[in-house]
Structures are given as structure tokens and as C-alpha cells.
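Structure first, commentary second.
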Amino acid sequence: MSTVVDIRNLGVSFSTDAGAVKAVDDVSLSVDRGEVLAIVGESGSGKTVTAKTILGLLPETATARGAVVLSNREGTRESNIVSLSKQQLRAVRGTDVAMVFQEPSTALNPVYKVGWQIMEGLRAHGEISKKEARAQAIEILGRVGIPDPEVRVDHYPHQFSGGQKQRIVIAMALVLNPGLIVADEPTTALDVTVQAEILDLLRRVRDEFGTAIVLITHNMGVVADLADRVAVMYQGKIVEQADVATLFAAPKDDYTKALLAAVPYVGHGTVHAAERAAERPAGWAEQAPAVEARGLEIEYPGRFGRAGFRAVDGVDLTIRPGEVLGLVGESGSGKTTIGRAIAGLTKVTGGSLQVLGHEMLGGRERDFRPLRSRIGFVFQDPASSFNPLLTIAECVAEPLVIHGRAADAADARQRVDELLEAVQLPRAYGDRFPHELSGGQRQRASLARAIALEPELLIADEPTSALDVSVQARVLELFAELQRGFGFASLFISHDLAVVDLLADRIAVLYRGELVEEGTGAEVLGAPRDPYTQRLLASLPVPDPIAQAERREELRRLREAS
């Protein structure tokens, strides 16, 4: 049997107080051995619900109809997941099908060593000695690229980087050698360099283990890099299915065309940057900078006799009034540390950092406090930056109340309504709580809060990293409109080069705390000089299977050269 899973006329609905809500509507799919099927679509399209049905992971409020026929690796047994009991499902999970969850930090138990967590799966599915289970855990950690697996097997999740945690989650899925792996957004919050490594690993999993993969993602570059076939979902239905080359070259459905059109490309921002530069008034470059760093150093003190860690080392950068500086680099490069230092949230330990004319080195909080109303901050995850007990209107009103612009949230409501309209949210959404908004809507509300005080400087830390491409495109357009309308200077932090290229006037590249390259998008992304920038650019997957295959080969050559 070549088919690993065959989904036939699947329908899933959820019981709510307002009645049944249909999440998946008459979906039919199949995946063959050694094949990668990508299911794409925006949030709420039903792609994750479809994937979770394959493992029987739907909540009790869900009702499923149709059939999900799963075969074991040997092809000797078939099971209809929809009709299995809980005990039968436990026997199938891990051995026939396994899942790689979107957020490895929540999938891994923080109080147990990673080796124990891998061994737990082995011992749950058969009689195996502790010694043999440990040997298998070490072997699988080595196969997914964890260095020194004999030592790291006894480490806890917090001792690994984000990319390594994702590798461990993949190892947990592989250890029982299932015929099918369901990977739900496995690269969402990863840097492009780490993302490229995880995609290489999944490709090896397919080729070496012969494992079929169902890939759930909103990143069309990842789809072009890894998938063999693509299914596009919209409002619970499959609107288009095709092999990857055909789908990208000649999409048929209007929604698929819109989805591909929303994907940002490196190079698209050159025209926008030139237009913004032409609109600037004479003498603009001679204005006093909103932010100026000279030899900036930020060091975190060591503990228990250990030496301190220098996160930022000798960085020079300038942000002029009304200018957007894009700051890119992988995790640990110092991007967020610089953003927090500019906002007065992290202490400067060396060099000079002037923010709106105020020297941050050796400065006191009470001297900096009056400047806080002139600085806005957009956080990476608006869900955790909003107080879940407050309505959206109360959250947006917080800066106005704190800085004495309004007596309370009710007094600020008219201004809040104006802000919500400015970020293209209906006024009525102010009465909702954060959990009642989608990811894109929460990010818009976060932008409304950041511009509430009409700041001169806005710091945006990865504001679109977890958004669908269609939602991301709307948020980026909104950010550009707000920046033009309010004229604030901005530090836009991201690991997505295409996103930064669209918005930024200049781009600065950080690597291990040092600034390795700076210039316009055409200079940095069109003709990168530093080897790290070249690797970063080659690591970015593009939504074109043919071009992506060439880029993958180029990245391999760059890695070998370095």
C-alpha cells in the first residue's frame, strides 16, 4: 500500500453556546509514503483542525464525520481514526502517526530532561529496558543534529536554543519510526538560518526514514522549499490541490492567487524606499537624530562567579526623524536588546546611546520618565502583552491614563475609538477582550496602543512573525500608512528580510552583537558584502520551487565555504 492516510469527506463541527460551528467542510485528501503534503491557508481556514483529526486530538466539543483511514508503516493494518476508542488511539499515536507541534517550548515539559521525555514515548509503546531506551534516545538526538547527544540527553529544555528544541520535538516524533508525521507550523518563530536547517532536517526525515509528512504552514517559501503537493484551504473547504510546481506557476482559484500575491519578496521594497526618499524635505539629513548610538555596548552581568555576557558590542547606528531603520539578524544577535535599551528597558553599559536627545549611559529613570510618552513599543506577541482581564478599549487607553492624558478608560473612549478606526478595527471591537480577537486583529490593537500618545519614535519588535501572509500583508500596509501619517521614526526589528525590505529606509545587519553591514535595501539585500548577510539572504526561502532549489544549493556552497 502506497497511501499512508486517506481522508474522505471529512467534516468537523464544534458545539458552542451559539450553536454548532463548522470548522472543516467535506475535505478529502490523501498522502503517499515519502511524500510531503502542505496544507496552507489563513487562520481559521481549518488546516490545523484537519491535521489534528489525523491523530484523534480533537476536543470533546468537536463532532467529526467522514473517514480518516490511516495505515501502519508496513501497510498491513488500516484504522479509521474517527471511529477509534481512546485506548485504540493511544496505540496508533507515536507508532503510526506522530505530531510536531507549533511551539516546542510548550510541547516539552520544563521539569524533565529531554532524554527522559523521548524515552517515555518508547516505554509507553512496548517492553524496553531503561538502558536500551536511553541508547535509542541518544541515537535519535544525534540523527536530528543535536551536538554531543550523549551529554545533551541529560539536559533540560531551557538549556537548548529554539532551533534545537524544534529538533528535539522532531526526534520525539521520529523515535518510534511512524509512517506519517504531522508538522504544525514547525518553523513559525524561527530565524531564517535556523529555519533552513529545520527544513533540511525534515527533508532528510522524508528521504532517510521514508516518512510521509503533512506540513501545516502559512509560509509559502517553506512550501516551495519542502512540499511535493499543496492543498489550499479557505473557510473549511479545499479550494485547490496541485503539485507544488503547478500551484506556484499557474494557480487557478482566486483565493490562491491572492495568497501568493500577499507574499513579500526581497527587492520589492526598493521602489517604496526611493519614493519615500524623494518626498523628504530639503535639509532632512541634517536634523538631530531621534536615536544615535556610538560604540554601544550592553553586557549582562555573570552569576555565581561567571564572566558577564556581552550581548551588544561596539554598535554604531542612527535613526533620523521620520526614518524607518530595519534591524535584522538571528536569535541572540542583540536585536531585541538594542530595542529594549532604546526604550529604557535595558541598561547601557558602554559607549553612547542618545534617545531623543537623552543620554542613556549612566542616566537615571526619573530623568528618562518624561521621554516615555514620546516612545511607542509594539511587542512581538500582543496576546501576552495585553492584560486578559481588560477590554481592548481599556488596554489601548492605558498609556493615555498613565501619562495623564485622560482620567480613566471611559474618559479616553473617544480617543480610543479614533485610534481603533486608524488601525482599521471597528469601534465595537473596543468592548471585546483580547482572546476574542484574531492574531491580526490583536496586532492592530497593539499598534493602536503604541501610537496612542502620538510618539516621535516607535520600536516594533517582530510584530508580524506569527501572522499569516495575508494578515501580515495588511498589517504591514497599515504600519506603512501610520508611519506616513504620524511621521514617527521607527526601529523595525525582524528576522524576515523581505518584510524589512518592504518597510525600511535603511537596513542594519547584526551578528553576535556586532553590526556587520548597513545601507539601503538595494545595497544590503541587492549586493551583500558580508558573508553572514550572504548566508542570511540565501537562507530565506522564496515562493518559487525552481528558484528555491537554486537558492538551497547556493546556501550549501556558502556553508561549506564558511
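Tabulated data
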{"quantity": "Qualifying residue in the stretch 407-425 (condition: crowded, with 20+ Cβ neighbours inside 10 Å, part of a loop (DSSP other than H, G, I, E, B) and in contact with a Lys or Arg (Cβ under 6 Å, 6 or more places away or on another chain))", "calculated": "yes"}
{"quantity": "Condition check for Ala293: more than 30 Å from Ala547 (Cα to Cα) and either of a type in the set (Ser, Thr, Tyr) or in a loop (DSSP other than H, G, I, E, B) (or both)", "calculated": "no"}
{"quantity": "Elements of type helices (runs of 4 or more DSSP H) in the stretch 112-185, at least 2 residues being more than 25 Å from the chain's Cα centre (by Cα)", "calculated": "114-124, 130-143, 149-152"}
{"quantity": "In the stretch 46-68, residue nearest to Asp243 (Cα to Cα) [restricted to those that are crowded, with 21+ Cβ neighbours inside 10 Å and touching a Leu at 6+ places or on another chain (Cβ under 8 Å)]", "calculated": "Thr50"}
{"quantity": "Criterion: more than 20 Å from Gln241 (Cβ to Cβ), crowded, with 19+ Cβ neighbours inside 10 Å and in the same structural domain as Arg229 (by TED's automatic domain parsing) - qualifying residue of Ser71, Ser43, Ser15", "calculated": "Ser71"}
{"quantity": "In the stretch 346-391, residue farthest from the chain's Cα centre (by Cα) [restricted to those that are surrounded by 17 or more Cβ atoms within 10 Å (Cβ to Cβ) and either outside the structural domain of Leu467 (by TED's automatic domain parsing) or in a strand (DSSP E or B) (or both)]", "calculated": "Gly351"}
{"quantity": "Selection within the stretch 296-317 - under 26 Å from Pro455 (Cα atoms) and surrounded by fewer than 17 Cβ atoms within 10 Å (Cβ to Cβ)", "calculated": "Asp316"}
{"quantity": "Hits in the stretch 16-38 - residues which are among the aliphatic types (A, V, I, L, M) and in contact with a strand residue (DSSP E or B) (Cβ under 9 Å, 6 or more places away or on another chain)", "calculated": "Ala20, Val21, Ala23, Val24, Val27, Leu29, Val31, Val36, Leu37, Ala38"}
{"quantity": "Flag for Ile81 being free of Cβ contacts under 8 Å to residues at least 40 places away in the same chain and out of contact with any Lys or Arg (no Cβ under 8 Å at 6 or more places or on another chain)", "calculated": "yes"}
{"quantity": "Residues that are β-branched (Val, Ile, Thr) and within 18 Å of His125 (Cα to Cα), drawn from the stretch 45-80", "calculated": "none"}
{"quantity": "Breaking point among (1) touching a helix residue (DSSP H, G or I) at 6+ places or on another chain (Cβ under 8 Å); (2) touching a residue at least 60 places away in the same chain (Cβ under 8 Å), for Asn72", "calculated": "(1)"}
{"quantity": "Residues being among the aromatic types (Phe, Trp, Tyr) and over 23 Å from Leu420 (Cβ atoms) - total across the stretch 354-407", "calculated": "1"}
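The values are calculated or read from the model by the stated rules, or taken from the named source; none is laboratory data. These numbers come from a predicted model, not from an experiment. Note: ideal-geometry Cβ built from the backbone for every residue, glycine included; neighbour counts use all protein chains shown.
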